[in-house]
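Below: one structure, written as structure tokens.
The values are calculated or read from the model by the stated rules, or taken from the named source; none is laboratory data. Owing to the predicted nature of the structure, the values given are computational and were not obtained by experimental measurement. Here the Cβ is made from the backbone with ideal geometry for all residues, glycine too, and neighbour counts use every protein chain on show. Surface areas here come from the heavy atoms of the whole protein model, side chains and all, with no ligands, DNA or RNA. Shrake-Rupley method; radii C 1.70, N 1.55, O 1.52, S 1.80 Å.
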Amino acid sequence: MSAFLPGEIHSRNVICIFISCCVAFVKICIFSFKLNLVSSPLPMDKQQITDQIKWMIADGNTDYQIEALLMAEGVARAEARQALAAIKKELSLYEYALNAYSNKRRYYLWVGFIIIAALALLLVFHFQSTNKLKTTEREITAADMMRLIDAEPVTYTAELNKVNPGWSYNPEKNRWVNKQRNMAIAIRMNELRLMGPVAYNFSFSEYLENHDFDKIIDDKPGDTSKAGKKIFENDKFMFTVQANEHYAMISLAYR
């Protein structure tokens, strides 16, 4: 005889059937989930979506193609559109930053170019000025002294600097000096006197002999340490040229 009453047996069967149905339902759910995993890829997270969209944009895909590809990989259309819009905005800001950086860099390049061009022009101007001074700078000649004696003394500084730079007037000694060349010019006893290098003894003598001046005195001392003396004259002027081993003294006066 059975230990259970007919009512108890019926209740137990109902419970077993319910449990069996629950287990079967759970198994069906697990199977369906596994089948879904096999048939379609796992949903991508936000970083994967972002990376995927960036690659698609780099490959030249259109917005429609990018959305379609993302939807094929399990991304919802709304999420795909939202991610695409955000990434395009981010890329546009990046491009703006690049453009701003490029414009700023271009600005500094232009400023640098202008500065270099200005410095180059200054160097060229300085070179030309220096070269001009070198080409115009020369020694004082007898012709220069004749022009000076006919001019006003207030013009001497400017006229002398046209020949060679460095001349200035010394009011204490009442003469014009050129310290760079160790030369001096003064007016003494109605004469214009020039103290210069020994070479002037030869250059002035040669010039005067070749420009219609007569040599009326030629005193050559036996001792070279003493000054020799030569006098040249024409109808208007008389030059006295004296020199020793250290310097030459040229005097100019009217006849």
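Descriptive notes on the structure:
- Residue satisfying condition, being free of Cβ contacts under 8 Å to residues at least 60 places away in the same chain, in contact with a Pro (Cβ under 8 Å, 6 or more places away or on another chain) and closer than 27 Å to ASN161 by Cα, within set ALA248, ALA184: ALA248
- Taking the listed residues ARG147, ARG181, the one that is in a loop (DSSP other than H, G, I, E, B) and surrounded by 11 or more Cβ atoms within 10 Å (Cβ to Cβ) is ARG181, with no other qualifying.
- Residue in the stretch 190-202 that is under 49 Å from the mean Cα position of the chain (by Cα) and either farther than 19 Å from ALA243 by Cα or of a type in the set (Ser, Thr, Tyr) (or both) present: yes
Condition check ((1) out of contact with any Gly (no Cβ under 7 Å at 6 or more places or on another chain); (2) closer than 16 Å to THR141 by Cβ; (3) of a type in the set (A, V, I, L, M, F, W, C)) across all residues:
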| site | (1), (2), (3) |
| --- | --- |
| ALA186 | yes, no, yes |
| GLY196 | yes, yes, no |
| ASP214 | yes, no, no |
| ASP235 | yes, no, no |
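- Of all residues in the stretch 169-178, none satisfies being open to solvent by less than 20 Å² (accessible area, probe 1.4 Å) and modelled with pLDDT under 90.
- Count - residues of the stretch 202-217 that are open to solvent by less than 90 Å² (accessible area, probe 1.4 Å) and farther than 20 Å from TYR254 by Cα: 1
- Of the criteria (1) part of a helix (DSSP H, G or I); (2) at pLDDT 75 or above; (3) within 41 Å of the chain's Cα centre (by Cα); (4) surrounded by 11 or more Cβ atoms within 10 Å (Cβ to Cβ), which one ILE87 fails: (2)
- The lone criterion from (1) touching a strand residue (DSSP E or B) at 6+ places or on another chain (Cβ under 6 Å); (2) part of a strand (DSSP E or B) left unmet by VAL198 is number (2).
- Scanning the stretch 227-250 for residues being open to solvent by 10 Å² or more (accessible area, probe 1.4 Å) and more than 17 Å from HIS211 (Cα to Cα) gives a total of 10.
- Tabulated pairs, the stretch 46-64, first closer than 15 Å to ALA76 by Cα and open to solvent by less than 50 Å² (accessible area, probe 1.4 Å), second at pLDDT 70 or above and among the acidic types (Asp, Glu), C-beta under 8 angstrom, 6+ apart or interchain: ILE49/GLU79
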